Amino acid sequence: MKMVTHLFTDAGRTWRQAAKVNSKGALIYQALMEEMNGPLGGVLAAQIQRNAQYIKDVPADIARQMTEHIMSQSMQGLRHTDIAKNLQQLFPHMTDVKANLIARTETAKTATALTQSRSEMMGIQWYRWRTSMDDRVRDSHKIMNKVLIPWDAPPSPEELHKEASVGTYHAGCIWNCRCYAEPLIDLDFIEWPAKVYLHGSIEELSRKQFERLLPKTQAQVV
Ligand SMILES: [Zn+2]
């Protein structure tokens, strides 16, 4: 169980990628499924349902079927390219481009939803936005790299980058985004001063200033 928790805090990487390194794939999947049978399953299901409403152009019940399908496949560790193929079998009228876009986006959203649900259950209120650090990262997300974000107030990266807003959302939760959320479990892991998303802008805070934002219990945890 610790291994699973670690894997998902350590990335939006799939557990199957990680399992390649430590050859414990079956064990990890089993642990994840056990975890899903507990309270996490319910929290995550609610999160996924909320995601479903963002799939436009298809009726709500189809969108829900799609997200559930993608969720279970990404939990099994399938790559988004394979998920896209399976999606097209289920919904044959869907174009390649559309299936790929939905599979990629929903897989990243599932990873973030899982991290958010776990954070919620453990009382972790902040995460660090991480990009994939390559040329394909959009400019509005480049400025988000390593910024601390409160789970209860997602930013609008476009607005922060002086572009037209496409709404507020968490890392990984918009089309073609490969960013991921890294839960803030220990203030020692952060280089201070750090960039913090606060009241609609990105500010640089010292550790002391940041600690003041944390409720007492959270300060004790970290
Ligand atoms: Zn991104």
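Here, each number is a calculation from the coordinates, and none is a lab measurement. All values derive from a computational prediction rather than experimental measurement. Virtual Cβ from ideal backbone geometry, glycine too; neighbours counted across all protein chains shown.
Observations on the structure shown:
- Distance (nanometres) between label positions extended 7 Å along Cα→Cβ at Val97 and Asn37: 4.5
- Of Lys109/Lys195; Lys98/Lys146; Lys162/Lys208; Lys98/Lys195; Lys98/Lys162; Lys85/Lys146, pairs whose Cα-Cα distance is over 25 Å: Lys98/Lys146; Lys162/Lys208; Lys98/Lys195; Lys98/Lys162; Lys85/Lys146
- Residue list for segment 125-147, given a label point 7 angstrom along the Cα-to-Cβ vector of Leu214 and an amide N cut-off under 14 Å: 125-128
- Cβ crowding within 10 Å averaged over residues, with 202-214, 167-179 ranked highest first: 167-179, 202-214
- Between Asp186 and Asn145, the contour length at 0.36 nm per residue exceeds the alpha carbon distance by 13.0 nm.
- Between Arg136 and Ile62, the contour length at 0.36 nm per residue exceeds the alpha carbon distance by 23.6 nm.
- A simple spin-label model places the labels of Arg207 and Gln76 4.6 nm from each other, with each point 7 Å out along Cα-to-Cβ.
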